[in-house]
1. Restricting to DSSP loop positions (anything but H, G, I, E, B) with no more than 14 other Cβ atoms inside 10 Å of their own Cβ, which GluC sites (Glu not before Pro) remain in segment 136-214?
2. Given H placed on each backbone N at 1.01 Å, which residues far from residue 284 in sequence or on other chains put an amide H within less than 5 Å of it?
3. Skipping prolines and chain starts, which residues have an amide H placed within reach, meaning under 5 Å, of the one on residue 269, given they are 5 or more residues away or on another chain?
4. Tell me, what HN-Hα J-couplings in whole Hz come from the Karplus equation 6.51 cos²θ - 1.76 cosθ + 1.60 at θ = phi - 60° for each residue of segment 129-140, using x for Gly and Pro?
5. What helices in the chain pass both tests, a Cα length along the helix axis of 15 Å or more and a mean Kyte hydropathy of -1.0 or higher, using whole DSSP H runs?
6. For segment 331-405, what's the relative contact order in percent, using C-alpha pairs closer than 8 Å and at least 6 residues apart?
7. Quick one: Cα centre-to-centre distance for segment 48-127 and segment 137-206, in angstrom?
8. Please compute the net charge surrounding residue 71, taking Lys and Arg as +1 and Asp and Glu as -1 over other residues with Cβ under 14 Å from its Cβ.
Amino acid sequence: MNTLIAIIIIFGLLVFIHEWGHLYFAKRAGILCREFAIGFGPKLFSFKKDETLYTIRLLPLGGFVRMAGEDPELIQIKPGYEIGLVFNRRNKVSEMIVNNKSKHPEAKIVTVERVDLEKDLLIEAYVDGELVSFPVDEKANIIYDEEPTQIAPLDRQFGSKTIPQRALAIFAGPMMNFVLAFLILTAFALLAGMPVDESRIGMVSSEGAAAEAELIENDRILAINGQPLETWEDLTTVIQKHPNQDLVFEVERDGQVFEAIVTPQERQGPTGEPEGFIGVGQSTTFTVLGSIKYGVTETYVFAKLIFEALGMLVTGQFSLDQLAGPVGIYNYTGQAAEMGILVLMKWAAILSVNLGIINLLPLPALDGGRLMFIGVEAVRGKPIDPQKEGLVHFIGFALLMLLMLVVTWNDINKFFL
């Protein structure tokens, strides 16, 4: 249950922040955002605020922001249609009733001759045999099956915006994942402190060799067996090389120097070889500016490691079998949750950076693929045929779903079979 709750909170936050980045900058550019969705498939919950419908959907596999002009309008009014018109106080059409007109007795019934809901915003229609022109409000709704859909004038559509505006609206999603990772890591440093790179002891475990030797927090280890120490790495390297061996620690405490005999306990190291440990943590410090620096540095380090792993995957040094899908991420999140909130925070930051980088890859259906098409448009001076671009994204999405199935099968074999 703890793992499930952690997954819901972390993935909900990552997806929400990513899609909110798209939504915020799209609205800043004046684009009509029809829907802000967390998940895919059937709607579980929804509410509308201003012009945008906010929904939570059944399949927790991501999210989307539906911007006007990205896809063809599903509801269209064509010449010959008999529709009902409802007017606002400015005597402009505020509602166009396509069907179920009997439920709207206040509507004026007309037969459409010409309609322009993008540029001129007018409807020419016959009323009692006479052709009349009706101005349409820029925020008018088309009512179909009693569901309103706001019209999208040309200046509210995604494609009408400048290349920088469109690029920023797309790039903003991954960008917000990097911002989120930075904020999480900064908060981590404020809560846990920042590691100090010196041979000074931080937290001391009550059951470790350090406690048995009566070492305490903030003791500085000047030397081990006469070997001078400066950094935390110097200290841990010597300890790890001497499991179950008596070591003479030269310790400085409150200005006094004394010696202590410490016998490192033994455990299995990352490579499978035995290594020593004494049950102490690295000394930490708490500063706001230092925490901000830590957030920036660690976000960069995580991004660099992920790029290196992607490079190894492309060059064949990293097997596809080693990729983790939803099942693997669920399992690792459970392990992180068991280790405490601080470990879970770092894991969430790693996932956020990973989501940002993956989405920036120049692959169809991802934000990077959409940015690539915008870049091609900037070079050639005109956009690519929307139908061709849509086909490329559809194929890319299908391939991504296939990859998702492959890595999920790998996860099942790895963890359950």
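1. 146, 207, 214
2. 196
3. 275
4. x, 10, 7, 10, 9, 10, x, 10, 5, 5, 10, 5
5. What comes out of the filter, once short or polar helices are dropped, is 2-28, 163-192, 288-314, 326-338, 341-360, 367-380, 386-415.
6. Normalised by residue count, the contact order of segment 331-405 is 20 percent.
7. The distance from the Cα centre of segment 48-127 to that of segment 137-206 comes to 30 Å.
8. Around residue 71, the charge tally is -1.
The values are calculated or read from the model by the stated rules, or taken from the named source; none is laboratory data. These figures come from a predicted structure and were not determined experimentally. For neighbour counting, all protein chains shown are included, and Cβ atoms are generated from backbone atoms with ideal geometry for every residue, glycine included. Just the protein is used for accessible areas: all its heavy atoms, side chains included, with ligands, DNA and RNA removed. Shrake-Rupley method; radii C 1.70, N 1.55, O 1.52, S 1.80 Å.
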